[in-house]
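Here the structure is laid out as C-alpha cells; the discussion comes afterwards.
The values are calculated or read from the model by the stated rules, or taken from the named source; none is laboratory data. Here the structure is a predicted model, which is why all the values come from computation and not from measurement. Note that each Cβ is placed from the backbone with ideal geometry, even for glycine, and that neighbours are counted across all protein chains shown. In case anyone asks, the SASA skips ligands and DNA or RNA and just uses the protein heavy atoms, side chains included. Shrake-Rupley method; radii C 1.70, N 1.55, O 1.52, S 1.80 Å.
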Amino acid sequence: MDGWMDGWMDGWMDGGMDRSMSGCVDGWMGEQKRCLEGQMPVGSAPCPAVLVPHRQTSPPSAPVSISDVETVREGHQSEVLQSLAEEFPPERCFTIVFYGRRGNLDLIAGTEEEAQCWVQGLRQLIEVATSMDQRERIDQWIRDWFQKADKNKDGRMNFKEVQRLLKMMNVDMNEDHALRLFQAADKSESGTLEGEEFVLFYKALTERKEVQSLFQEFSEDGKKLTLLELVDFLRQEQLEEEGTEELAMELIDKYEPSETARARHALSADGFLMYLCSPEGSIFNPQHRALWQDMTQPLCHYFISSSHNTYLIEDQIRGQSSIEGYIRALKRGCRCLEVDCWDGPNGEPIVYHGHTFTSKIPFREVVSTLGKYAFQASEFPVILSLENHCSMEQQEVLAQQLKDILGEQLLTATTDGRVPTQLPSPEELKHKILLKGKKIGRLEDTLDGPGDEAPDVSDDDNGAEAEEEKRRMKDRESLAQALSDCVVYCKNVSFRGFQEARNHSRPSEISSLSEAKARKLIRDAGNEFVRHNTWQLTRIYPSGMRTDSSNYSPQEMWNAGCQIVALNFQTAGMEMDLCDGLFSQNGHCGYVLKPPFMRDEGTLFNPSDPSTWQGPSPVTLTIQVISGQQLPKVANSKDGAIIDPLVRVEIHGVPADQAHQETKYIENNGFNPHWDETLQFQLHVPQLALVRFVVEDYDKTSRNDFVGQFTLAFANMKPGYRHIHLLSKDGTSIPPSSLFVHIRITEPPGPEQD
C-alpha cells in the first residue's frame, strides 16, 4: 500500500485533487491480484489517483501499511461525505478507516465502477492481511524488511544495504559480526543476498538462544520434543492442568512446520518457537478472550466500559465533534456513551460541548449512528447518557427521533412490566438501548399495575414526599413528558448521601459524580460507597478543568465498585491502557463482572482499609523479564537512533497494591535485548489488580520515550514462559514486537486440615 499512499500524498500536498483515476485502475487491480497470489508483498500495489474533496482530519503523514486499515465504508458514511451528498452520489463515495485514533480518509471516485474496484480490491487485501497465519506473517515481515532495505530495487542486497537495514531494525551490531552473518548467508558467494539467502540472514539475526536453551532442557535428543516431552513442558512450566495431552496434540498440528514431525507427533525447535509466539503462548489466557463470565447478574454488578463526551475527537474547547467518536467507541466495545443536546436551527437539536467553540453535529445523525453500530462489537445493552439543554419544543423532537430511528432497540418499559426490586441483567437487556436522563416522578408512576413493592421506601415520611412532589412539579416545567417516558432504568438523581439514597432512592436511579467528589467519598466512606454500588449504578466523569481531554485513573473508581467510569476515549495514555486492559476480556463485550465481595450488599470491603479485606493474601507475583524482540523505534526520533530499552512493570489496584519496578536499560539494542531480571510484587486484592508492562527508551537527560505497552487484568494472566505482544500508544498491535517473560503466581498456603 506504500506506493499508492505515496501517490495520494503527492496529490494532497500539490492540491491536485481532481484527477481521473480511470487510467490506472486496471494496472492497480493487476498488481493487487499479484499481491493476493503472493507474487508481490501484500500492500505494495500502487494506487490510482482519486478526488479527495475535503479533509476531515489531517491526512496520514507517511505511507501506511494495509494492516493499518480496519475497514472500508461505502457511501456517505462521514460528515464530510454527507455534506457533499447533493454534489456526489453515494455510489462514488467511500471512506477508508484506520485502526487506532488516526483520522479516516474520505474518497470520491470518478465513476461508480471505479469506486467498486477500489472498495472490493481493498476489502480483498484487508481479508488477506487479517487471515494470515503466524507463519505467513513471519514471511511477510521478512519480505517487508527486504523491500525497505533494497534501496535500488534490484531484488538483491549488498553489505551496505544490510548495514542500513540493521540500523532500521534497531540493531547496533559490530561490523565484523554483521559481515560474518552476511557471508554465512551468501551461499552463492556473489557478494549480495537474494531470496532464500536473505531468509537465512534474517533467521540468523532472529535466532532466539533463550528459547533454544529452554527447548534443549526438555528435549532428550536436542532436536525435537516428543509428545510426552511436550506434555511434561506444558505441565511443569506452563501449569496446564486439564487435557494436557490433547492440548499437546493440538499445538503440534497447529504450529509444527514439518509434515514428517507432525506425523510422528513431535515438535521441532521451529514449531516450539511458533507455539510460544502464538495466542496459546501469550500471557493473556485465551479462554478469557471469549465471553466467559456470568451475564445474568444485575447491571450494577458489572464494570461497564464508558465514554465521556463521546462526540469529541479532540479537546473540550475547540475540538471537532464527530459521529466518528461514537463509531470508534462502539467498535471498541464501549457500552455507555454521552451526548450533549442543545437547540439547533430549523427545529433540529444539535450535539456539541455547550458554551465552547467545538463544532456541532445533528442529534439525528448521532442516533442513526447509534442504531447502526450499537451491537456490532457486543450484543449487550448500550446506555445513552443524555445531557439535555434543549427547549421543550426540541425535547419533543429528541424523543421523536429516538423512537423513530431506534424503534424496538430503544427500551421504553421495564422488562416484565413490574416495579423493579433490582436492575435487570445484561443478558435480559441484549440488543437494547437504555436512555439515561431526567425523569418526571418515579418509575412506578408510569407502570400500569403496582407489581412488586419497591424496597425500603419511607412512604410515611411526609417531608420526603413533599420534596419529591416539589421536584416533580419543577421537572414538569422543564422536561417534556415524551422524553421523560424514554427513561426507564437510568433516571438521573442528585446524590445527597448514602443514607438518603438507601432510604429514598431506587435501583433504577443513578447519580453522576465528578472525579473529585468520588475521591472524597472513597476517602471518607469507602465501605459505604462499595455497598451503595452493589445495588445502584454510579457514573463518574472527568473534572471540568480537563479541557485538554486528559483522563483520571479509572482504577481508584473501580476499587470502590463504581460501574460507569467515563473516560475521554480520544486521549491515549496510561488511563486508557487500563480501560482497554480491563475490557479486553469477556469477549470484548464492554461488561466485566465485579468480584463477589463487591456484589454483596453486606460487604465489609473498604479499598483503603487492609483490615477489611477477606480471603487468603497476599498473592506473590514473580515476573522474570527475559528478552525483547524487534521493538519499534521511537516515533519522531532522530533518523537512525537506536533505542536503549528498559521494561517497567506497574501494578494498578487498591492503594496497598499500587507499585512499579523496572529493569536496567540495555544500550543500543531494540532488536533483541536481554534483561534476565526478576521483579516481584505482593498483591493483597488480586481480584482488582491490573498489570501494565511498559517498554521505554531510556534517556539520561530528559524523560524516557514510550516504545510500547500491554495491560491486562491479573485474573487473565497465564503462568509459565509467555510472550507479551506489545501495543502502540494508540492501543493498536505492532507486530512482531514482543517481550518474553516467565510468570510465577504463588498463592498463600491454605488453613491446615485436622
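For residues that are of a type outside the set (Ser, Thr, Tyr), assigned to a strand (DSSP E or B) and open to solvent by less than 10 Å² (accessible area, probe 1.4 Å), scanning just the stretch 379-405, find the one that is farthest from Asp343 (Cα to Cα).
Val382
Of all residues being within 28 Å of the chain's Cα centre (by Cα) and not in a loop (DSSP other than H, G, I, E, B) in the stretch 406-427, which is nearest to Cys589 (Cα to Cα)? Just the residue, please.
So the residue we want is Gln409.
Can you name the residue in the stretch 233-265 that is among the small types (Gly, Ala, Ser) and within 21 Å of Pro719 (Cβ to Cβ) and, of all such residues, is surrounded by the most Cβ atoms within 10 Å (Cβ to Cβ)?
Taking the candidates together, the pick is Ala248.
Answer with yes or no whether Gln293 is under 23 Å from the mean Cα position of the chain (by Cα), open to solvent by 10 Å² or more (accessible area, probe 1.4 Å) and either touching a residue at least 40 places away in the same chain (Cβ under 8 Å) or on the phi < 0 side of the Ramachandran plot (or both).
Yes; evaluated as a whole, the condition is true for this residue.
Would you tally the residues in the stretch 582-610 being touching an Asp or Glu at 6+ places or on another chain (Cβ under 9 Å) and open to solvent by 50 Å² or more (accessible area, probe 1.4 Å)?
0
Within the group Arg102, Arg156, Arg123, which residue is open to solvent by 80 Å² or more (accessible area, probe 1.4 Å), touching a strand residue (DSSP E or B) at 6+ places or on another chain (Cβ under 7 Å) and over 30 Å from Gln183 (Cβ atoms)?
When all the criteria are applied, what remains is Arg123.
Conditions tested, residue by residue: (1) open to solvent by 60 Å² or more (accessible area, probe 1.4 Å); (2) modelled with pLDDT of 90 or more.
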position	(1), (2)
Lys638	yes, no
His652	no, yes
Tyr665	yes, yes
Tyr698	yes, yes
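Yes or no: Ala399 within 30 Å of Pro362 (Cβ to Cβ) and modelled with pLDDT under 95?
Here the answer is no, as Ala399 does not meet what is asked.
Suppose we filter Ser553, Ser543 for residues that are surrounded by fewer than 20 Cβ atoms within 10 Å (Cβ to Cβ), touching a Ser or Thr at 6+ places or on another chain (Cβ under 7 Å) and farther than 24 Å from Pro381 by Cα; which single one remains?
Every option except Ser543 fails the conditions.
Could we say that Leu679 is touching a Ser or Thr at 6+ places or on another chain (Cβ under 8 Å), aliphatic (A, V, I, L, M) and under 27 Å from Gly561 (Cβ atoms) here?
No.
Of the conditions (1) outside any helix (DSSP H, G or I); (2) farther than 24 Å from Asp676 by Cβ, Trp145 satisfies every one except a single condition; which number is it?
All conditions are met except number (1).
In the stretch 268-290, how many residues are open to solvent by 10 Å² or more (accessible area, probe 1.4 Å) and of a type in the set (A, V, I, L, M)?
Going through the stretch 268-290 one residue at a time, the tally reaches 4.
For (1) farther than 18 Å from Ile283 by Cα; (2) without any contact (Cβ under 8 Å) to a residue 60 or more places away in the chain, each residue gets a yes or a no:
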position: Glu210; (1), (2): no, no
position: Phe218; (1), (2): yes, yes
position: Leu225; (1), (2): yes, yes
position: Leu234; (1), (2): no, yes
position: Leu239; (1), (2): no, no
position: Gly243; (1), (2): yes, yes
position: Leu251; (1), (2): no, yes
position: Ser258; (1), (2): yes, yes
position: Ala263; (1), (2): yes, yes
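When the stretch 522-579 is examined, which residues are found to be modelled with pLDDT of 95 or more, more than 17 Å from Pro298 (Cα to Cα) and hydroxyl-bearing (Ser, Thr, Tyr)?
Hits for the stretch 522-579 are Tyr541, Tyr552, Ser553.
Would you please name the residue that is nearest to Ile666 (Cα to Cα), looking only at residues in the stretch 164-187 that are open to solvent by less than 70 Å² (accessible area, probe 1.4 Å) and of a type outside the set (A, V, I, L, M, F, W, C)?
The extreme case among them is Asn170.
Any idea how many residues of the stretch 288-331 are assigned to a loop (DSSP other than H, G, I, E, B) and under 17 Å from Phe375 (Cα atoms)?
Qualifying residue count for the region: 4.
Given the conditions (1) in a loop (DSSP other than H, G, I, E, B); (2) open to solvent by 40 Å² or more (accessible area, probe 1.4 Å), report the number of the one that Cys334 does not fulfil.
(2)
Being open to solvent by 60 Å² or more (accessible area, probe 1.4 Å), part of a helix (DSSP H, G or I), free of Cβ contacts under 8 Å to residues at least 12 places away in the same chain and closer than 24 Å to Lys148 by Cβ: is that true of Glu136 here?
yes
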